[in-house]
Amino acid sequence: MKGNAPARPSGRHFLQIPGPTNVPDRILRAIAAPVIDHRGPEFAELAKEVIAGMKRVFQTGETVFIYPSSGTGAWEAALSNTLSPGDAVLMFETGQFATLWQAMAGRLGLEVGLVPGDWRHGVDPAVVEERLAADRAHRIKAVCIVHNETSTGVTSRVGEIRAAIDQARHPALLMVDTVSSLASIDYRHDEWKVDVTVCGSQKGLMLPPGLGFNAVSKKALAAAGAAKLARSYWDWQAMRETEHTGFFPYTPGTSLLFGLREALQMLLDEEGLPAVFARHARHAEATRRAVAGWGLEVLCADPREYSNSLTAVLVPEGYDADRLREIILDSFDMSLGTGLGRVKGKVFRIGHLGWFNDLMLCGTLGGVEMGLHRAGVPHRAGGISAALEYLAAA
Ligand SMILES: Cc1ncc(COP(=O)(O)O)c(C=O)c1O
């Protein structure tokens, strides 16, 4: 041990970034179990159980693949399994993650039609319909959207986007990134006829980073048969048997899957998904009331698109959101999300997703309010009271 290492402050760190999120102690204990043989019967049962559980979380009866990867790997799996070099894909610049996904699509050799955005709105279903209706030759093979933009705290209305695609009578696949919405915000893979849903383990699922997910429709599996993009590690074909046999084509993330089993028990069997969604909605509303009480503005410009998993807060012109975050970290041992890309320095992000409760939110908002005061950011005092009042009454 280094003698001059800085001492950790006393008490628990507040990890209020919008993921990775706080991992419950019981999940950490589950992950700490001895590693087992991933070709043995105990593992096969575990794999089948977690795949079945993840189907319930995605609200799907279709196929679910689990990778030892981050969310970025699951993005690549979605594109590389279904598309061919030169295929046109329609994407929307809703924020940093949509921007990164479209950059990946370009690197993979796809032709990206990018609809520009202001980072304060989600995908406009009317624009989806218009773009697809204009594509009479059906050159567009996929529409890719980010359900919850983690960089902005703005959601896109997937059900309405599905309806827009149907209205245009267009056969494009619909791919949706749910990295920061799954198991926090209601999401319906089957009902919304999504072809590939992408997710990662480190947010609503309350796990450390390290698992990537694809939920895949029959239409997407059929597309995979003809898709020509090069793929190997991500190839769905090699994983098709896993849900029946419980065996993966390569070494799976055994310990994280122990954690996933525990998380699924908490989400599905104990709290229940409707209660999980309601809890996130309530904490998001309380947070927005605090922001309004401080006299500050949330980045999301359309109340229909408010995120229930995080809130991005604009700091007044001339103030640096990262300096505020630094002061809050130094003073109160709380990590808040930094502004990414275009909104760097302009916003800070409060994560209120995953394993979270009323008093954790009170501590979080208390830290923000004290930080605003200490950093000299102009605001009205007492925003937290508005949140407390709401939480106490609701
Ligand atoms: C919405 C969204 N998509 C994709 C990603 C990329 O996932 P990862 O960083 O796990 O590769 C993230 C990461 O935060 C995200 O928030």
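The values are calculated or read from the model by the stated rules, or taken from the named source; none is laboratory data. In this text, all values refer to a predicted model and were calculated from it rather than measured experimentally. Positions of Cβ are backbone-derived with ideal geometry, glycine not excepted, and every protein chain shown enters the neighbour counts. In case anyone asks, the SASA skips ligands and DNA or RNA and just uses the protein heavy atoms, side chains included. Shrake-Rupley method; radii C 1.70, N 1.55, O 1.52, S 1.80 Å.
Values as computed for the structure displayed
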item	result
Filter result for the condition that a residue is touching a helix residue (DSSP H, G or I) at 6+ places or on another chain (Cβ under 7 Å), of a type outside the set (Phe, Trp, Tyr), within 16 Å of the ligand (Cβ to nearest atom) and open to solvent by less than 60 Å² (accessible area, probe 1.4 Å), over LEU90, LEU46, LEU108	LEU108
Residue, least open to solvent (accessible area, probe 1.4 Å), within the stretch 272-309, restricted to residues that are within 26 Å of TYR67 (Cα to Cα) and part of a helix (DSSP H, G or I)	VAL276
Complete set of residues in the stretch 218-251 that are in contact with a His (Cβ under 8 Å, 6 or more places away or on another chain) and buried (at least 22 other Cβ atoms within 10 Å of the Cβ)	PHE248
Yes/no for PHE14 being surrounded by 12 or more Cβ atoms within 10 Å (Cβ to Cβ), more than 26 Å from THR242 (Cβ to Cβ) and in contact (Cβ under 8 Å) with a residue 60 or more places away in the chain	yes
Odd one out for THR72 among (1) away from the ligand (no atom under 16 Å from the Cβ); (2) surrounded by fewer than 17 Cβ atoms within 10 Å (Cβ to Cβ); (3) farther than 23 Å from ARG139 by Cβ	(1)
In the stretch 322-347, the residues that are under 15 Å from GLU149 (Cα atoms), among the small types (Gly, Ala, Ser) and open to solvent by 10 Å² or more (accessible area, probe 1.4 Å)	GLY341
Which listed residue, of LEU207, LEU273, LEU256, LEU211, is more than 16 Å from the ligand (Cβ to nearest atom) and not β-branched (Val, Ile, Thr)	LEU273
Count of residues meeting criterion [out of contact with any Phe, Trp or Tyr (no Cβ under 7 Å at 6 or more places or on another chain) and open to solvent by 30 Å² or more (accessible area, probe 1.4 Å)] in the stretch 376-386	6
Meets criteria (surrounded by fewer than 21 Cβ atoms within 10 Å (Cβ to Cβ) and part of a loop (DSSP other than H, G, I, E, B)) for GLU389	no
Check on TYR233, hydroxyl-bearing (Ser, Thr, Tyr), over 20 Å from ARG56 (Cβ atoms) and either within 16 Å of the ligand (Cβ to nearest atom) or assigned to a helix (DSSP H, G or I) (or both)	yes
Residues that are free of Cβ contacts under 8 Å to residues at least 60 places away in the same chain and over 24 Å from the mean Cα position of the chain (by Cα), drawn from the stretch 335-380	GLY366, MET370, GLY371, HIS373, ARG374, ALA375, GLY376
Test: residue in the stretch 79-92 that is over 18 Å from ASP195 (Cα atoms) and either more than 20 Å from the chain's Cα centre (by Cα) or free of Cβ contacts under 8 Å to residues at least 40 places away in the same chain (or both)	yes
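Results for (1) outside any strand (DSSP E or B); (2) over 14 Å from the mean Cα position of the chain (by Cα); (3) closer than 22 Å to ALA284 by Cα, shown as yes or no for each residue.
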position: LEU114; (1), (2), (3): no, yes, no
position: GLY117; (1), (2), (3): yes, yes, no
position: GLY122; (1), (2), (3): yes, yes, yes
position: VAL127; (1), (2), (3): yes, yes, no
position: LEU132; (1), (2), (3): yes, yes, no
position: ARG136; (1), (2), (3): yes, yes, no
position: VAL143; (1), (2), (3): no, yes, no
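To keep it simple, each residue is scored yes or no on (1) within 16 Å of the ligand (Cβ to nearest atom); (2) at pLDDT below 95; (3) open to solvent by 20 Å² or more (accessible area, probe 1.4 Å).
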residue	(1), (2), (3)
HIS138	no, no, yes
HIS147	yes, no, no
THR152	yes, no, no
THR155	yes, no, no
LEU173	no, no, no
THR178	yes, no, no
ASP190	no, no, yes
